[in-house]
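This report concerns only the one structure given below.
The values are calculated or read from the model by the stated rules, or taken from the named source; none is laboratory data. What you are looking at is a predicted structure, and each value in this text was computed from that prediction instead of being measured. When we count neighbours, we look across all protein chains shown, and the Cβ atoms used for this are built from the backbone with ideal geometry, even at glycine. Each accessible area value is taken on the protein alone, full model and side chains, heavy atoms only, with ligands, DNA and RNA left out. Shrake-Rupley method; radii C 1.70, N 1.55, O 1.52, S 1.80 Å.
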Amino acid sequence: MLIAAILRAKGSEVVRVAPESTVAHLLAELARHNIGAVVVAEDDTLVGIVSERDVVRHLERRGPAVLSAPVSDIMTADVVTCTPEDTVEEVSERMTVRRFRHVPVTSEGRLAGIVSIGDLVKSRVRVLEDDREQLEAYIHGRHRPPR
């Protein structure tokens, strides 16, 4: 399965903040959208990504003063991305090996969406369920067209 299929199902909306936004504003956006990471962008240009984990680590190091700091102070600037043409398996492996839970999707240099580890697991489970249903149908002599 391709990342493009996940984006078709979940949509391509990406919550973003500007690099100069405060960490307090970032936290408000995370809470408002009930998400774990936000893309840091200038227009449609990806400049970083920042997660709940980033906030927690910097809060522990710097204390409450970090809340008034710009997001650019705590974001990851060297962002690992994927494309809609990448497979779920490829991106899942990258996320597992590198130990992160969100990957922005870019197409032709522009932000096209974001996928989470939850999105990838959900798609892989669906494929397994479809395979199981196909096998059961085959075993019982019922032919069901694939989804």
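Run down Thr22, Thr96 and say which single residue is modelled with pLDDT under 95 and β-branched (Val, Ile, Thr).
Every option except Thr96 fails the conditions.
Output the residues belonging to region 117-147 that are at pLDDT 90 or above and open to solvent by 30 Å² or more (accessible area, probe 1.4 Å).
Result: Ile117, Asp119.
Return a yes/no flag: does region 3-13 have any residue that is touching a Cys at 6+ places or on another chain (Cβ under 7 Å) and not hydroxyl-bearing (Ser, Thr, Tyr).
Yes, that holds for at least one residue.
Can you tell me which residue among Arg94, Arg98 is open to solvent by 20 Å² or more (accessible area, probe 1.4 Å), out of contact with any strand residue (DSSP E or B) (no Cβ under 8 Å at 6 or more places or on another chain), closer than 27 Å to Leu128 by Cα and not hydrophobic (A, V, I, L, M, F, W, C)?
Answer to the check: Arg98.
Could you figure out which of (1) modelled with pLDDT of 95 or more; (2) farther than 20 Å from Ile117 by Cβ isn't true of Glu42?
Against the list (1) modelled with pLDDT of 95 or more; (2) farther than 20 Å from Ile117 by Cβ, Glu42 comes up short only on (1).
Determine, yes or no, whether Ser51 is under 17 Å from Ala5 (Cβ atoms) and small (Gly, Ala, Ser).
No.
Assess whether Gly109 counts as being at positive phi and modelled with pLDDT of 90 or more.
no
Of the numbered conditions (1) assigned to a helix (DSSP H, G or I); (2) closer than 13 Å to Ala5 by Cα, Arg132 satisfies every one except a single condition; which is it?
Here Arg132 meets the rest and fails (2).
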